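Before any comments, here is the structure.
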Amino acid sequence: METIIIRAASGKRELEPAINAILRGGLVAFPTETVYGLGADAFNSTAVRRIYEVKGRPSDNPSIVHIASLDQLSDVAIDVPPHLYDVLRKVWPGPFTVILRKSPTVPLETTGGRETVAVRMPAHPVALDLIRGSRPIAAPSANLSGRPSPTRIDHVIHDLMGKVDVIIDGGDTYFGVESTIIDFTGRRPILLRPGPFTLEELRKFFPDIEVPEFARGIREADAALAPGMKYRHYAPLKPVTLVECNDVDYMVKLASKLIDEFRSKGMRIAVICSSETCGSYSGVELINIGSRNDLYGVARQLFDSLRRVDELGVDAAVAEGFPEIGIGLAIMNRLRKASGFNIVRC
Ligand code: TXA
Ligand code: MG
């Protein structure tokens, strides 16, 4: 099919083809402040089914419903805990996704067959204008299933050109990792996926929040709680080994030893390393993910770095770990999953 590309900077009127596509049951890839989303009318089960076909996404992996005002929350969710409204007024729009009981009008196609629904209000003017002009939008990340999420327009074009009605080019996304997801359907809030809204900030609002091991990415997700997270995620096609150490010098030594072992088998290797440590490696392709002193910068480069592994045509990659502080928790969750839990620790 023909895909129209719209430049987001051009203003509201230029969004009309995208708005019309959503209203007609079509698919639109659009920028958010986290990653690009692949959206369809959240209430149109046929349109939502097409998202899954295009992405190759398993139908039991639920999508996030994106809204543009707090009023729309009651169109998609029921039994919202009253105290949650106070928090949502403070954190929305933003990278904060809540799991609630779904309203009967939200089709099961949107929620992966579940009676609960994920909802967020994105903090990107284009996403908000698109929703305001059309409907609440169901959107997973705009990548082919299992691949790193798209944070740059060329990632979206690579994965979806010719497969969707409209792609809106909003340039590079701001955070580079997907939203923080919290489940509010139980007695205590549970962190399902760490994101740009950090655990430190979350604890101020919800001191009793539960953080299961799978939220850190140190084991497979509990399929009952975090259905979509049990699938292979974020991964390059080639194997990635993650090296985790608190001491950076020791980590570089361990990574170098690993690289020597791979190279002695004749393998070509890429290293995802920081601007402080990349200079320590030789005989490998270097993928500089940014400074250890700027974890927000590392998050922004993360998915592009993982995609680079495949572009470089190497046989395998070694990735350095980062401290689980602030957005570092989200970075490590994604890296551990991208490595398929293939992790070497000091
Ligand atoms: O930042 C983001 O959240 C981006 C942008 C586009 O908004 N979206 C995104 O969507 O990351 P996606 O589909 O790649 O991740 C959504 C995840 C699913 O994998 C699933 O695990 C979880 O949200 N989820 C959705 N509905 C759920 C539900 N009812 N119960 C538990 N988890 C749910
Ligand atoms: Mg995704």
message: So for segment 44-66 (the condition being within 16 Å of ligand 2 (Cβ to nearest atom), over 20 Å from residue 105 (Cα atoms), in contact with a helix residue (DSSP H, G or I) (Cβ under 6 Å, 6 or more places away or on another chain) and assigned to a strand (DSSP E or B)), does at least one residue qualify?
response: no
field: Selection status of residue 220, out of contact with any Pro (no Cβ under 8 Å at 6 or more places or on another chain) and not in a loop (DSSP other than H, G, I, E, B)
entry: no
message: Just to be sure I understand, how many residues within segment 72-131 are among the charged types (D, E, K, R) and within 15 Å of ligand 1 (Cβ to nearest atom)?
response: 7
message: Being crowded, with 23+ Cβ neighbours inside 10 Å and touching an Asp or Glu at 6+ places or on another chain (Cβ under 7 Å) is the filter here; which residues of segment 107-134 pass it?
response: 122
- request: State whether the residues of segment 119-130 include one that is assigned to a strand (DSSP E or B), under 19 Å from residue 234 (Cβ atoms), of a type in the set (Lys, Arg) and within 16 Å of ligand 2 (Cβ to nearest atom).
  value: no
- prompt: Would you call residue 228 within 13 Å of ligand 2 (Cβ to nearest atom) and of a type outside the set (A, V, I, L, M)?
  reply: yes
query: What number of residues within segment 152-174 satisfy the criterion of being in contact with an Asp or Glu (Cβ under 6 Å, 6 or more places away or on another chain) and within 12 Å of ligand 1 (Cβ to nearest atom)?
result: 1
- prompt: For segment 214-255, how many residues meet the condition of being more than 16 Å from ligand 1 (Cβ to nearest atom) and more than 22 Å from residue 293 (Cα to Cα)?
  reply: 7
- request: Would you be able to tell me the number of residues in segment 179-209 that are surrounded by 22 or more Cβ atoms within 10 Å (Cβ to Cβ) and touching a Gly at 6+ places or on another chain (Cβ under 6 Å)?
  value: 2
field: Filtered residues of segment 131-150 (kept if within 12 Å of ligand 2 (Cβ to nearest atom) and either in a strand (DSSP E or B) or over 22 Å from residue 2 (Cα atoms) (or both))
entry: 139, 141, 146, 147, 148, 149
- prompt: What is the residue count in segment 295-328 for residues that are touching a residue at least 60 places away in the same chain (Cβ under 8 Å), touching a Leu at 6+ places or on another chain (Cβ under 7 Å), over 23 Å from residue 284 (Cβ atoms) and assigned to a helix (DSSP H, G or I)?
  reply: 0
- line: Here the residues within segment 192-213 that are in a loop (DSSP other than H, G, I, E, B) and more than 9 Å from ligand 1 (Cβ to nearest atom) are 194, 197, 198, 206, 207, 208, 209, 211, 212
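Every number in this text was worked out from the coordinates using simple rules, so none of it is lab data. None of these values were measured; they are calculated from a predicted model. Note: ideal-geometry Cβ built from the backbone for every residue, glycine included; neighbour counts use all protein chains shown.
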